[in-house]
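*Asks:* Structure incoming, see below.
The values are calculated or read from the model by the stated rules, or taken from the named source; none is laboratory data. None of these values were measured; they are calculated from a predicted model. Here the Cβ is made from the backbone with ideal geometry for all residues, glycine too, and neighbour counts use every protein chain on show.
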Amino acid sequence: MDKEKVGKIVELAIAEYGGDVTKNAIIWHLEHTYSMEPADAIFKPEKFLKALRDIYGDFVSIIESSICYRLAKEYGINYSGQGLVKLAEELKVG
């Protein structure tokens with residue numbers, strides 16, 4: 001699994017809901033407050049979702065869906081709403 005590619009996909013999903021300025025602020029916050037990077041969406045999905053939930057609140061489910069949809073499309077996995085944790089498992093196995 002290409003960590004850089006995953007990170008870029010996650011960044012695009014975050015930017016979809018606020019543009020580059022918001023994306024950069026969220027990524028800065030992830031890095032400096034949670035010691036995480038965008039690719040951790042796949043490599044540490046539970047921790048990543050908790051960090052996003054702390055930042056976004058209930059809006060996190062929309063961001064999570066966008067991340068999942070983009071990753072599934074890129075890696076040829078059927079996305080049926082299984083959530084980031086299960087999708088991460090499928091990506092690591094597949």
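*Asks:* Out of segment 14-36, which residues are surrounded by 15 or more Cβ atoms within 10 Å (Cβ to Cβ) and of a type in the set (Gly, Ala, Ser)?
*Replies:* Across segment 14-36, the qualifying residue is only Ala15.
*Asks:* Enumerate the helices (runs of 4 or more DSSP H) found wholly within segment 4-79, keeping only those where 1 or more residues are in contact (Cβ under 8 Å) with a residue 24 or more places away in the chain and farther than 15 Å from Leu91 by Cα.
*Replies:* Result: 19-34, 45-56, 60-75.
*Asks:* From the list Ala39, Ala72, which one is crowded, with 17+ Cβ neighbours inside 10 Å and in contact with a Phe, Trp or Tyr (Cβ under 6 Å, 6 or more places away or on another chain)?
*Replies:* Among Ala39, Ala72, only Ala72 is crowded, with 17+ Cβ neighbours inside 10 Å and in contact with a Phe, Trp or Tyr (Cβ under 6 Å, 6 or more places away or on another chain).
*Asks:* Further question: Farther than 22 Å from Gln82 by Cβ and modelled with pLDDT under 95: does that describe Ile55?
*Replies:* Here the answer is yes, as Ile55 does meet what is asked.
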